[in-house]
1. Within the range 26-78, how many residues are of a type in the set (Gly, Ala, Ser), open to solvent by 10 Å² or more (accessible area, probe 1.4 Å), in a helix (DSSP H, G or I) and over 18 Å from residue 147 (Cβ atoms)?
2. Modelled with pLDDT under 90 and small (Gly, Ala, Ser): which single residue out of 76, 31, 51 fits that description?
Amino acid sequence: FGLLPGFAYYFVGVYLANLFVYFLGRRWLRGPVVRLLQRRPSVARAVEAAGREGTSLVFWIRMAPVSPAIFSYAFGALQVPFSAVAIGTLGMFPHLLLDVYLGTVAAHVTKMAGKGDSSWETQGAVLLLGFLAVAGLSFRIARLARARVLAAEDEPGQP
């Protein structure tokens with residue numbers, strides 16, 4: 001699909017899937033998800049903090065490159081407001097962009113190798129630099145997100 005259309009398709013698909021999983025966790029799987037969260041206290045603390053802080057913390061949680069389904073089930077089971085989840089889930093963009101960029105680079109390198117392209121060194125270097133930039137930015141965002149979530153977990157809860 002290419003980078004931008006591929007990212008758009010992938011993002012929309014993952015976004016809608018996460019909203020569906022949220023409703024599964026909220027409506028039909030609440031009991032099993034709550035029992036599982038008892039074995040994952042760090043996830044439970046993060047989701048409880050998101051319930052207190054709302055959209056901002058959901059956004060930061062989504063920026064972390066963690067399987068989004070885990071948090072979608074948990075957000076639903078622990079009754080995080082839908083509006084916070086719907087808006088905050090937009091925070092998945094950095095790691096989804098990295099996924100699509102990596103696929104685009106792999107497809108391009110495969111095409112270059114198959115054609116015996118003589119300019120592969122230049123193109124390969126540009127692709128590698130672009131990948132390193134996107135990966136570095138994604139990792140930096142993930143570190144910021146983790147720090148923000150940990151800080152929210154340590155804040156005292158509100159009744």
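The values are calculated or read from the model by the stated rules, or taken from the named source; none is laboratory data. Because the structure is predicted, anything quoted here is derived from the model rather than measured. All Cβ positions, even for glycine, are placed from backbone atoms using ideal geometry, and neighbour counts span all protein chains on display. With ligands, DNA and RNA removed, areas are computed over all heavy atoms of the protein, side chains included. Shrake-Rupley method; radii C 1.70, N 1.55, O 1.52, S 1.80 Å.
1. Count: 4.
2. The unique qualifying residue is 51.
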